[in-house]
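Undergrad: Here it is: the structure, laid out below.
Nothing in this text is a laboratory measurement; each read-out follows from the coordinates by a stated rule. Small disclaimer: the values here were computed from a predicted structure and weren't measured. Using ideal geometry, Cβ is built from the backbone for each residue, glycine included, and neighbour counts are taken over all protein chains shown.
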């Protein structure tokens, strides 16, 4: 998928998004995963694409593939989209780990949220939206 086609899909309105076929979602997701790898500077491992995780949107578990003795920090996250104000909104929720231990920030924040910025004319880019606490316990099982 080229940048222009991906940007056209990302700028689709709600009715257009609802009409995406599974193969279109898969191509868009792979394009976004490639941009995510560029952003993080390392391989991003995604769970296998299944029809159950794409359709009216997508939600895929992803993780880093670069924990080494020199850099013992890894991450796991939830990569997906939703419709907000009739437009497609793509985000990544990331939890950081040292070995099997989940890491927390000094202020108690538990995860970082990244958003896909599609405000440019021909490219999209990832940006850090902020750090958050799991106030409602929705990520308690994400260990």
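Undergrad: How do 138, 113 rank when sorted from fewest to most other Cβ atoms within 10 Å of their own Cβ?
TA: Numbers: 138 9, 113 14.
Taking fewest neighbouring Cβ atoms as first place, the list is 138, 113.
Undergrad: Hey, another quick one. Quick one: compute a quarter of the convex hull surface over the Cα atoms of the stretch 3-132 and quote it in nm². Can you show the working numbers first?
TA: Numbers: hull surface 34.4 nm².
Mean projected area of the Cα convex hull: 8.6 nm².
Undergrad: Another one. Between residue 43 and residue 89, what length comes free when the chain is fully extended (0.36 nm per residue of separation minus the Cα-Cα distance, one decimal in nm)? Don't skip to the end; give the middle numbers.
TA: Details: separation 46, 0.36 × 46 = 16.56 nm, distance 2.31 nm.
Stretched fully, the residue 43-residue 89 segment lengthens by 14.3 nm.
Undergrad: Give me the percent relative contact order of the chain, please, defined on Cα pairs under 8 angstrom at least 6 residues apart. Each step should come with its number before you reach the end.
TA: Values: 229 pairs, mean separation 27.1, N = 143.
Computed over the chain, the figure is 19 percent.
Undergrad: Now for a different question. How far is the Cα center of the stretch 1-36 from the Cα center of the stretch 77-116, in Å?
TA: 20 Å
Undergrad: Mean residue ellipticity at 222 nm from the helices of the chain, using -39,500 (n - 2.57) per DSSP H segment of n ≥ 4 over the full residue count, to the nearest 500 deg cm²/dmol?
TA: Details: 3 runs with 32 residues, N = 143.
Value at 222 nm, helices only, nearest 500: -6500 deg cm²/dmol.
Undergrad: Helix 22-40 against the longest principal axis of the chain: what's the angle in degrees, Cα atoms only, rounded to the nearest 10?
TA: Helix 22-40 sits at roughly 40 degrees to that axis.
Undergrad: Rank the residues 40, 58 as a footprinting-exposure proxy: fewest other Cβ atoms within 10 Å of their Cβ go first. Could you put the intermediate results ahead of the total?
TA: On the way: 40 17, 58 20.
Exposure proxy ranking, most exposed first: 40, 58.
Undergrad: Fewest first, what order do 93, 82 take by the number of other Cβ atoms within 10 Å? Don't skip to the end; give the middle numbers.
TA: Details: 93 21, 82 13.
The order, fewest Cβ neighbours first, is 82, 93.
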